[in-house]
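Everything on this sheet refers to the single structure shown next.
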Amino acid sequence: MKKIDVTKHIFVPEHVKLNEKEKQEVFEKYNCSFKELPKIPKTDPAVKHMNLKVGDVVMIIRKSKTAGHSIFYRGVI
């Protein structure tokens, strides 16, 4: 059976792993901590291929008709 790459689907937004510096900038900018971020499991099909570990932060860039794009952050559990 042929495997489907969900990351190529038009409804799956771009997912980007943040490095430590970028992660700290997000925490400072939004005055939050990892505990306060919405979570995403590392087994989620959209991020499974990224080889993430618990504690990483993923930036999700969604296309928006009104704003052009919108950015969301998720903590990996």
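In table form, for the structure just shown:
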item: Residues of the stretch 17-73 satisfying the condition of being of a type in the set (Val, Ile, Thr), under 20 Å from residue 7 (Cα atoms) and exposed (fewer than 12 other Cβ atoms within 10 Å of the Cβ); result: 43
item: Subset of the stretch 1-57 (residues that are of a type in the set (Asp, Glu) and at pLDDT below 90); result: 5
item: Of residues in the stretch 1-35 being touching a residue at least 40 places away in the same chain (Cβ under 8 Å) and in contact with a strand residue (DSSP E or B) (Cβ under 7 Å, 6 or more places away or on another chain), the one nearest to residue 77 (Cα to Cα); result: 34
item: Qualifying residues in the stretch 36-77 (those that are more than 12 Å from the chain's Cα centre (by Cα), free of Cβ contacts under 8 Å to residues at least 12 places away in the same chain and not in a strand (DSSP E or B)) - the one farthest from residue 10 (Cα to Cα); result: 36
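The values are calculated or read from the model by the stated rules, or taken from the named source; none is laboratory data. Fair warning: this is a prediction, and the values are worked out from it, not measured in the lab. When we count neighbours, we look across all protein chains shown, and the Cβ atoms used for this are built from the backbone with ideal geometry, even at glycine.
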